[in-house]
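The values are calculated or read from the model by the stated rules, or taken from the named source; none is laboratory data. Predicted model only: the values in this text are computed from it and were never measured. With ideal geometry, Cβ positions are generated from the backbone for all residues, glycine too; neighbour counts draw on all protein chains shown.
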Amino acid sequence: MADIFDEIDEELKRDRTQELWTKYGKYVIAAAAAVVLGVGASQGFNAWTRSQAETSANLYHQALAADDALTQLQAQAGNMTDGYALLARFQLAAAHAAANDLVSAESAYAALAADKAVPALYQQAAQLLAVMNAPAGSDIGALQDSLSSLVEGGPWQPLALELSAALDLQNGDNAAAITKLETLINLAETPNELRQRASRLVQVLNS
């Protein structure tokens, strides 16, 4: 008799399982498929990203190694990932500066500083470099205006203060230069080498 009840119980379990599967099986399959596709897509995207980065790195270094590095960088920048394309633009600007073509260097850095697609940190760096590479005879007031937001704060503040003080000295305003250098010296974020350089300059200006 017990065997009969066991068979009935097993039959009921099978019927119940079949009923549940008929009702919810499609959702189980869909969920499993979503997991598999999600893992596959993630792995595929990661592989694609690595491939793109490697390709961009190769293009960048090949361009630098070429005899006509500037031409190659300009030609290949559009084929690089955003990070390497940005690096190529900075490299191009630096190459103009190294060739003493300060008009082109300032223009290239200014374009980076004005590009809203460039992260703020690098926009600010480009703004600083644009002022650093301004050609002789540039309007000092305009250069000071370009530095004004950097002088007030941010990661580039110490360098901006030093550069702004140099412009004050160029303009004959020693008092303003000393004030900025002293601010630089007292900033906790100022690198030691920069602090020492500013301290020596303040001593000279005060002597």
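Just need a number here: residues in segment 94-106 that are under 28 Å from Ala176 (Cα atoms) and surrounded by fewer than 17 Cβ atoms within 10 Å (Cβ to Cβ).
Final tally of qualifying residues: 2.
Failed condition for Ser107, given (1) of a type outside the set (Asp, Glu); (2) within 24 Å of Ala165 (Cβ to Cβ); (3) modelled with pLDDT of 90 or more, with all others met?
So the condition that Ser107 fails would be (2).
Going by what's in this entry, would Asn133 be described as crowded, with 19+ Cβ neighbours inside 10 Å and of a type outside the set (Ser, Thr, Tyr)?
Yes; evaluated as a whole, the condition is true for this residue.
Hey, among Ala142, Ala176, Ala165, which residue is surrounded by fewer than 20 Cβ atoms within 10 Å (Cβ to Cβ), farther than 19 Å from Tyr109 by Cβ and hydrophobic (A, V, I, L, M, F, W, C)?
Unique residue meeting the criteria: Ala176.
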